[in-house]
Amino acid sequence: MSLFVAVSLFEIVAEFTQNIFLTSILKPFILPLLLGIYLTKSTSKSVLYILAIVINWIANILFLFEHSKYITLAAIFFIFSKLFVVAKVYKEIKLPSLFPFIIGTIPFLFLFIYLNFLIFQDIDFQTFVITIIHSVVMSLMGGIALGNYIMRNDKVSKFLLVSALFYAFNILFLGIKFYYIDLSFLKPLSMVFFILGHFSLLQFILLSERAK
């Protein structure tokens, strides 16, 4: 845990100072360290979660290149990683009805509709399709998280909701940076939300597994 926190903090500092060399060294270690924490503490190793982390790690490596074709490929890998996350989350909580899920999805849909409205004039059709699919997947996760919080409002549901919110802001800032306006602080902030989102999701999964 201490190593994960240290590497994450140094990575955030490297992003804010735009130290590309340090970022390229530190960033590839964040998710493997997180996975190491999970494998050490988990009472029942989830293939879905492990696959999600591995695929997301590949996406992170591709994002380091910051070329349009690599960013597009990274976005596709990111979609698949989030699909595995959604499957894992749904398996853990199983909402009793669709109503809380539908209510929970609405604010996330608005957020991603706003993002797509900002960027759609500056992207090609392929990228637009990817962002739409990405938005749907993230809205599904957000809907499950918020719906679960509405129904249960316990420590486990709070970690899941916080994770979904962090992921949403991570995507929002990255989308604005790469496809709308390239402000220097957007990528470091997205990294902060990325790390916090992953850590919160890990806490949710560990607590969920222990509760069984």
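The values are calculated or read from the model by the stated rules, or taken from the named source; none is laboratory data. Remember, predicted model here, so these are calculated numbers, not experimental data. Cβ atoms come from the backbone with ideal geometry, glycine included; neighbour counts cover every protein chain shown. Please note that ligands, DNA and RNA were not included when accessible areas were found on the heavy atoms of the full protein model with its side chains. Shrake-Rupley method; radii C 1.70, N 1.55, O 1.52, S 1.80 Å.
Results, tabulated for the structure shown:
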item: Lone qualifier among Ser157, Ser190 - being assigned to a helix (DSSP H, G or I), farther than 20 Å from Ile79 by Cα and open to solvent by less than 10 Å² (accessible area, probe 1.4 Å); result: Ser157
item: Every pair of residues 6+ apart whose Cβ atoms lie under 9 Å, when the first sits in the stretch 126-152 and is closer than 13 Å to Phe112 by Cα while the second is of a type in the set (Lys, Arg); result: His134/Lys82; Val137/Lys82; Met138/Lys82; Leu140/Lys82; Met141/Lys82
item: Residues that are touching a residue at least 60 places away in the same chain (Cβ under 8 Å), in contact with a Ser or Thr (Cβ under 6 Å, 6 or more places away or on another chain) and not β-branched (Val, Ile, Thr), drawn from the stretch 171-203; result: Leu201
item: Test: residue in the stretch 126-134 that is at pLDDT 90 or above, within 12 Å of the chain's Cα centre (by Cα) and assigned to a helix (DSSP H, G or I); result: no
item: Pick from the stretch 95-119, criterion of a type outside the set (A, V, I, L, M, F, W, C) and more than 27 Å from Tyr180 (Cβ to Cβ), ranking: least open to solvent (accessible area, probe 1.4 Å); result: Pro100
item: Residues satisfying the stated conditions in the stretch 78-93, i.e. open to solvent by less than 50 Å² (accessible area, probe 1.4 Å) and of a type in the set (A, V, I, L, M); result: Ile79, Val85, Val86, Ala87, Val89, Ile93
item: Complete set of residues in the stretch 16-39 that are surrounded by 15 or more Cβ atoms within 10 Å (Cβ to Cβ), without any contact (Cβ under 8 Å) to a residue 40 or more places away in the chain and more than 25 Å from Gln203 (Cβ to Cβ); result: Asn19, Leu22
item: Scan of the stretch 154-212 for residues that are in contact with an Asp or Glu (Cβ under 6 Å, 6 or more places away or on another chain) and hydroxyl-bearing (Ser, Thr, Tyr), ordered by number; result: Tyr179, Ser208
item: Of residues in the stretch 40-77 being among the hydroxyl-bearing types (Ser, Thr, Tyr) and surrounded by 15 or more Cβ atoms within 10 Å (Cβ to Cβ), the one farthest from the chain's Cα centre (by Cα); result: Ser42
